[in-house]
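Notes for the one structure printed next.
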Amino acid sequence: MTGTENPLRRLVALRRVEVLTQVVVLILAVAWLRMPLDIVPMAAIIAQLAAINLATQWRLEMGHRPGDGEVFAHLLIDTVILSLLLYFAGGSANPFISLFLLPATLAAAMLPARHAWAMAGVTLVAYTFLMFWNLPLPQPQGDLARFDQLLARATGGAGEHAAHGSSFALHVLGMWLNFLISVGVVAFFVTRMAAALEARERELSATREEALRNEQILSLGTLAAGAAHQLGTPLGTMAVVLRELELSHGDDTALRDDILLLREQVDRCKQTISQILASTGQRRGDSLQSLPLDACLHRLLDDWQTIRPHAQLCVTLHGPQPAPQIVAERTFEQALLNLLDNAADANAGHPDALRFAADWDADSCRIEILDRGPGVDESSRNRLGKAFFSTKNDPGGRPLGLGIGLFLSNATIERFGGKVELFNRDDPHGGACTRVTLPLKRLKV
């Protein structure tokens, strides 16, 4: 079955119109035209179709997913119902006989070719049957004289209409009603099909974009793993040299403090590389610790302050206590670290501290990182998070980076069901706000 919408739902909606129209036409034929039709079996047939439609709608609301065969069976029911009604109302001489085109059209639009051809054969057999077996359409006993006079005036003569009497007027009226029903059904169905095709095209476009992004992430992951292996040796050499400098210049307090800072940074780099290598092939929760959300954020910010010891940071955490328990993957923590780094780079040189604010409830968390940087222009905002686009520029306006950190952060947060927004602050002093909105269900224990 093709399409993004259940075709049986469209058929149920069309059938409501079909039942209503059949009731209205039957009432007009009996009450206005006073045609002596066999009302009881015709009303019973319409009632049976309405009952089938109600039962089908109930099954769909219960979550039933029909296959192509079931949709074909419902179109077959519609064809049989129409054949029975026409049998009691003149058969192939009835102007509504062309309604047999609708089931065949719907089958061709919604079902595979074999079902479409089968429906075409069924409607042809029904049409042929009604040519030879039917109850004649009775003459109307009501007054169609005014309508017949209008037709005669429109066609330029009354003799032919007088010869045919009210039969011609009835046939023309039936053809008009038939056209009205057909054009309404076709317009409804075609517009719904066009909307379904447009929605499917959007889904395919989003799928292609996601596949491309996953391919880029895989390439970056491969490069990161290779770089992690290669950086181990030079970092180890740097650690040894720093240790020797610390021993040989132990009496120089200022130099010793700088060496200690360098050693901390080297140790931090080695720890990060070890975590990357250790997490390869590791399932979620294998070695991750469950922590309250506020404790996890405090740990993350402490780690970031170790990396950026000179950055000023103002932290505000707000939410009901105890905070929800989460298991934060390393990728999630790294995504927030990347966003903090970008904000700190934008805030560099400004006396105001970088602000980190988080608030949460039982189901979601919102994090805002506010800086006093130059902000983001409108043209750049639509490209944020794309591989690869950077907001960092040198004084000459040339990009300094590839935007890998922002791209990976955006992809990681979206993988957890959240989103990243970057916009300018509504503040006369300027600056930008990076907002992360995250549902906690993917991070909970």
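The values are calculated or read from the model by the stated rules, or taken from the named source; none is laboratory data. Everything numeric here is computed off the predicted structure, so don't read it as measured data. Cβ coordinates were reconstructed from backbone atoms using ideal geometry, including for glycine residues, and neighbour counts include every protein chain displayed. What goes into the accessible areas is simple: the full protein's heavy atoms, side chains included, and nothing from ligands, DNA or RNA. Shrake-Rupley method; radii C 1.70, N 1.55, O 1.52, S 1.80 Å.
Annotations for the structure displayed:
- Here the peptides 424-434, 342-352 are ranked by packing, the mean other Cβ count within 10 Å, and the order with the highest first is 342-352, 424-434.
- Backbone geometry of the range 28-38 corresponds, through the Karplus equation with coefficients 6.51, -1.76 and 1.60 at θ = phi - 60°, to 3J(HN,Hα) couplings of 4, 5, 7, 7, 8, 7, 6, 8, x, 7, 7 Hz, x marking Gly and Pro.
- Surface composition of the range 1-66: carbon and sulfur make up 67 percent of the accessible area, probe 1.4 Å.
- Put Ile307, Ile45 in order of accessible area, highest first, and with a 1.4 Å probe you get Ile307, Ile45.
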